Each structure stands twice: as C-alpha cells, then as structure tokens.
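Structure record follows, encoded as structure tokens.
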Amino acid sequence: MANPEVIVTEAAVAETIENFTALDESGDKRTMNKLARRLGKDQPALLKFAAKAREQHGETTGEAAVFYGTLVWAMFETQFGKHLHRLTSDNIDASEKVVADERATVEGLEDQPVAQRTAPGLVQRQPHVYAKLTELIAEDVTEAAMTEETASVIFEPTQVIVEAFDAAMEGRRPGERLGPLVRDQPKVGRNEVCPCGSGKKHKRCCGR
C-alpha cells in the first residue's frame, strides 16, 4: 500500500509544472543555470545517474534524461521542501532493481506505447507524479519534441528516480538529510569536467 504521507500531491505537481513552464517561456538562462547548479550540489547522485544517458546515447538523449530527472526532483522538492532527502548511489542502485523487477511482472510491457510502460505497484506509490510524467512523455513523442527511441531510453531511469525519492522519504531505503555535502575527493581543477555529471567544465558549473 502507498504511504499517503510521502505521496506528492496533485497540487505540488501542478505547481512544479507551472514554474517550469514559466521559466521555459521566459528564456531566463541565468535562472536555468542556477537551477542546474543547485541540482548538482543538492542531488549529485541523481544527476550522475541521469547523465549516464549522455555517455551511452548522446547529448540529446542525455539532456532529456537530465531534464526529466530534474523535473522529478522539483516535484518532490515542491512537496517536501527542506525535508527532502538527498539521494544516495546505493538507494538509486537498489531502486533500479526494484523498478526493473516490477516492470518485469507486467506482461507485454515493451509492446505498449512508451508512456504506458509502467508497473501498477510503482504508479500506486506516486500516482500524481506518474500521471504527469506519462502525460508529458506521450505529449513530447506526439509533438516530435522527443523521438520514441529517446523516450524509451529515458523513461525507465526516470521511474528509478521517482522510486528512489519515494523510498528515501518513506524510509524503505536511506537518503541523506540535505546540508553541506562533504566529499572525500581531490580538489577539482576549474578547467576539468565537473564531477556532478553535467558534462560542463567545473568553472562553468558547480565551481562558480
């Protein structure tokens, strides 16, 4: 059974979409870059996971994966604010298996349109998030904003991020309380690739 205390509400989803739409229509690059930097600082494991699509499938698919990952993060942040947990690599890895296992129980899943390739158990945990994601995926494919191939690549990882946040907030699998992130890593040079996974130089991303 879904835990109502950790379900992102329909209102929070609508507010997130309204904010993203306004930002997109404004063309405010500064605010967009600020949002991307904050994602890299607050949710580095999420960004690294989403950005894997760039390495495996190219820039366009990578950008789509990061966008949808950012959108999911924003929905949960709108709902939980400062109480939202930072995702960990372990939680994401475990969530990846949960999503794959639950999707495997749905007969003929890969024969369905991309936006319908979900499992009932996953949808039940975050119904409003899933309702909006399936709507957006279908709309992007229909309007040729994204190819069906790209959508098929990014939709399952997007579901992994939803599962990871849900698990962290409910306590099924741990996240981290947001706060200063301590890294046991050598200092990154300003001209080196940013470790957050954005693909940009450090000085143009989290090093600002």
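The values are calculated or read from the model by the stated rules, or taken from the named source; none is laboratory data. Quantities reported herein were computed from a predicted structural model and do not represent experimental measurements. Glycine also receives a Cβ, built like all others from the backbone with ideal geometry; neighbour counts cover every protein chain displayed. Only protein heavy atoms, including side chains, enter the accessible area calculation; ligands, DNA and RNA are left aside. Shrake-Rupley method; radii C 1.70, N 1.55, O 1.52, S 1.80 Å.
For the reader, a short list of remarks on this structure follows.
Here is a yes/no grid of residues against (1) within 20 Å of PHE165 (Cα to Cα); (2) touching a His at 6+ places or on another chain (Cβ under 7 Å); (3) of a type in the set (Lys, Arg):
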site	(1), (2), (3)
LEU23	no, no, no
SER26	no, no, no
LYS29	no, no, yes
ASN33	no, no, no
ARG37	yes, no, yes
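- Among residues of region 1-60 being touching a Gly at 6+ places or on another chain (Cβ under 6 Å) and over 22 Å from HIS85 (Cβ atoms), the one that is least open to solvent (accessible area, probe 1.4 Å) is ALA53.
- All positions within region 110-123 that are part of a helix (DSSP H, G or I) and surrounded by 14 or more Cβ atoms within 10 Å (Cβ to Cβ): VAL114, ALA115, GLY121, LEU122, VAL123
- The sole residue among VAL72, VAL106, VAL98 that is closer than 17 Å to LEU122 by Cβ and not in a helix (DSSP H, G or I) is VAL106.
- Screening VAL141 with (1) more than 24 Å from PRO174 (Cβ to Cβ); (2) part of a helix (DSSP H, G or I); (3) under 17 Å from the mean Cα position of the chain (by Cα); (4) of a type in the set (Val, Ile, Thr) gives one miss only, at (3).
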